Amino acid sequence: MTEPSVFFDDAAAYEAFMGRWSRSAGTLFLDWIAPPKRARWLDIGCGTGVFTELIVDTAAPAAVFAVDPTAVQIEHARRQPVGQHADFQMGDSQALPFPDNTFDVVVSALVINFIPDRPKALAEMRRVGRAGGTVAGYVWDFAGERSPGSLLRIGLHEIGIAVADIPGAADSGLDALQSLFERAGLEQIANKAIDVTMPFASFDDLWRAQMQSFGPRGKAVAALSDADRARLIDKVRARLPAGPDGSVAYSARAHAIKARVPQ
């Protein structure tokens, strides 16, 4: 994967903002794919190890391997408790460092759209999967602006501030994912929209979570004048009416897909 640092070079900031969303969506995704117990897993684009930890904690795996192209993310994951139960290593999704027919379940959580050559990555996922095994993944609905960061992106657009496009956003829709898996020659393909609603104690709590430093969105906000930042806050707040106790909630959508490696 090229230029991963555009989004993922600050593991702590990524975890602070995305961790809670990743765990919620990942739990629903694992329930949906219904993996077998005692399986050998490969987690592609594992990042800080949030989804890898879910696999270890809930799927009763025989073994878990996890790869990511970003050194700081791998180092962060290895320092976590899950580092004692999974093999984290540097790896490129487009040239996986594993033999053919190695894994019962090959998954990619919130990564597929960011891979520059997605067909090549899917071919690799199929290659390392065992016959009859599962290849699956999920991504935020960037095409429909339903990701956890869309709230801020929409607000910036409303005050006239341009934000860089999300890489591969067009391939985050269900039809695009279906086509990608079909072209890889996978079988029994199914897809599903996963909706996650995240509560926050207050608007300020949500705003602090959105203000993490990684990615162009945070950098765009940091560059705003005080007046434009106040306008942005007003736009975002208007989309999230507070409850009687001051709490707010925000919903995001992920698109999930699963398939079988041909026998």
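The values are calculated or read from the model by the stated rules, or taken from the named source; none is laboratory data. This is a predicted model, so every value here is computed, not measured. Cβ sites come from the backbone with ideal geometry, for glycine too, and all protein chains shown count toward neighbours.
Hydrophobic (A, V, I, L, M, F, W, C), surrounded by 15 or more Cβ atoms within 10 Å (Cβ to Cβ), within 22 Å of the chain's Cα centre (by Cα) and within 30 Å of ALA121 (Cβ to Cβ): does that describe ALA209?
Yes; evaluated as a whole, the condition is true for this residue.
Taking into account only those residues within the range 1-39 that are of a type in the set (D, E, K, R) and closer than 26 Å to ALA193 by Cα, which is modelled with the lowest pLDDT?
Among those that are of a type in the set (D, E, K, R) and closer than 26 Å to ALA193 by Cα, it is GLU15.
Just need a number here: residues in the range 142-169 that are touching a residue at least 40 places away in the same chain (Cβ under 8 Å), assigned to a helix (DSSP H, G or I) and not charged (D, E, K, R).
Selection size over the range 142-169: 7.
In the range 103-122, how many residues are in contact (Cβ under 8 Å) with a residue 40 or more places away in the chain and surrounded by fewer than 17 Cβ atoms within 10 Å (Cβ to Cβ)?
Summing the residues that are in contact (Cβ under 8 Å) with a residue 40 or more places away in the chain and surrounded by fewer than 17 Cβ atoms within 10 Å (Cβ to Cβ) in the range 103-122 gives 2.
Return yes or no: is SER179 surrounded by 13 or more Cβ atoms within 10 Å (Cβ to Cβ) and more than 18 Å from VAL139 (Cβ to Cβ)?
When the stated conditions are applied, SER179 does not pass them.
Kindly establish whether ALA193 is touching an Asp or Glu at 6+ places or on another chain (Cβ under 9 Å) and farther than 30 Å from VAL105 by Cα.
Against the criterion (touching an Asp or Glu at 6+ places or on another chain (Cβ under 9 Å) and farther than 30 Å from VAL105 by Cα), ALA193 does not qualify.
Of everything in the range 51-68, what is under 17 Å from GLN89 (Cβ atoms) and either modelled with pLDDT under 95 or part of a helix (DSSP H, G or I) (or both)? Give them in sequence order.
Passing the criteria: PHE51, THR52, GLU53, ILE55, VAL56.
ARG237 - would you say it is outside any helix (DSSP H, G or I), under 17 Å from LEU152 (Cβ atoms) and under 27 Å from the mean Cα position of the chain (by Cα)?
no
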